[in-house]
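Before any comments, here is the structure.
Taken together, the values in this text are just the output of simple stated rules run on the coordinates, not laboratory data. Bear in mind the structure is a predicted one, so any value in this text is a computation, not a measurement. Neighbour counts run over all protein chains shown; Cβ positions are idealised from the backbone, glycine included.
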């Protein structure tokens, strides 16, 4: 049994996964990390809202009879792309 545990330790990643739990980070680093996370989250929400608004507008354009067939085809392709992008997340 001891040999199996030693093998697991040898296979473990050396990328910080074995960092002792008691080691702390400077406050500035964690603040910067939280700020970056907050900005990324805020941008993600704003982009999602813009995509939702664009989707609604494109659907309305696609429903108009006056829109030429090639433009209607582009609208459908854009809507498919937006759906594929938002379904991934």
Can you give the FRET efficiency for residue 73 and residue 39, using 1/(1 + (r/R0)^6), R0 = 35 Å, r = Cβ-Cβ distance, to the nearest 0.05? 0.40
Treating each Cα of segment 27-88 as an identical point scatterer and ignoring solvent, apply the Debye formula and state log10 I(q)/I(0) at q = 0.17, 0.20, 0.24 Å⁻¹. -0.66, -0.78, -0.94
Give the peptides 46-54, 63-71 in descending order of average Cβ contacts within 10 Å, highest first. 46-54, 63-71
How far apart, in nm, are the 7 Å Cα→Cβ label points at residue 82 and residue 65? 2.4
